[in-house]
Amino acid sequence: MTISGPAGTRPPAPSVKRLTRLYCTLRACDEGVLFFPVYALLFADVGLSTAEITTLFLIWGGVAFALEVPSGAWADAFSRRRLLAFGALLRAAGFAVWWLWPTYYGFALGFVLWAVRSAASSGTKEALLYDELAAIGAADRYKAIASRAATLAMLAMLAATLLAAPVYALGQRFGAGYALIAIGSVLACLGSAVAALALPEQPKAERVGDGLRDYLAKLRGGLAEARGDRTVRRALVVAATVPALAAFDEYVPLLVRDLGVATAGVPLVLALMMAAMAGGSALAERWHASPVAIGATVAAVSALFALPIVLTGLLAARWLPASPLGGAAEPAVAETA
């Protein structure tokens, strides 16, 4: 990559544009996964109880929590773009395991691979973007590019959620069950890996010994800092706990189907939630207000969205089971293999 000239000069537009395109592609592929709105339904369809599904989520969150500190050292000791690509390949393997081995242990293995990927990418892609922008004198563009990428990621999730409905219905028509969903999800992960490897990366300023020795040294330093600094400990707890709290969202597809909505119709109901998240992400870059104003707005918008979401669920429960997308919502164990 070409380094810009004297400080204060505008970096070459193609460098920033290329970095932006690649980073946005990475984020879109990360979130544009067909499995997202239906994997809890897959677990239920193969006969897992709610308690067993809950333990799967606990395994997912527990492994991610345990790796939160070590993963910070990974990003410092190894190539960040290769780390991101490796994580994407791990998640692709996890989705393939879900399809080929649809049992409790297969799902648990898939979640472990996903948790390792989450830990490997936690903060890594943001650090890579910032460092590359700083290297070409465009660090001031970080917030705008990161916000744009987050919005595109939400839109990709929305598109994948909407697409999951006809893809699942098509799979059911040909007796493939969740196979097409799994294939599409694996392809999205492969796209993420390709985008990660295509990102530029400045050589690290320091290399102490080999990669493993460097990693262990940074890991010891990170653990010591977490033990000795209360602020760091709190930050680690927040970083690990907030995603864990989001696990409550994983039960929404099951709740929607319990209302009587066919499996193929569940993603259409969830798409309303995705649209709200994409709208919030788009506003984040442009809207600057006090915490009180933001809180009041969030409460008002939540109340505004609550009624149409409830009405949509009730209408879907009434009409989708008899629609072309529908079919019965009962488990189809034989069709998931």
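Put a dot 7 Å past each Cα toward the Cβ at Arg18 and Val194; how far apart are the dots in nm?
For Val194 paired with Arg18, the spin-label model returns 1.8 nm.
Quantify how much of the Cα-Cα distance distribution of the range 84-202 extends past 17 Å, in percent.
The proportion of pairs with Cα distances above 17 Å equals 65 percent.
Packing-wise, with mean Cβ within 10 Å as the measure, how do 187-198, 223-234 rank, highest first?
Listed from highest to lowest mean packing, they are 187-198, 223-234.
Calculate I(q)/I(0) for the range 32-125 by the Debye formula, one identical point scatterer on each C-alpha and no solvent, and give its log10 at q = 0.11 Å⁻¹ to two decimals.
For the range 32-125, the Cα-only Debye profile gives -0.33.
Based on the Cβ-Cβ distance of Leu259 and Trp101, what FRET efficiency does E = 1/(1 + (r/R0)^6) give at R0 = 22 Å, to the nearest 0.05?
0.15
Using a simple spin-label model with points 7 Å from Cα along the Cα→Cβ vector, what separation in nm is obtained for Asp229 and Phe248?
3.1 nm
Using all C-alpha to C-alpha distances in the range 21-61, build P(r) with 5 Å bins and read off the rounded percent in each one.
5, 20, 19, 18, 12, 11, 8, 5, 1
The numbers here are math on the coordinates, done by the rules we state, and not lab data. Note that the structure is a prediction, hence the values are computed from the model and not measured. Don't worry about glycine lacking a Cβ; one is built from the backbone with ideal geometry, like all the others, and counts go over all protein chains shown.
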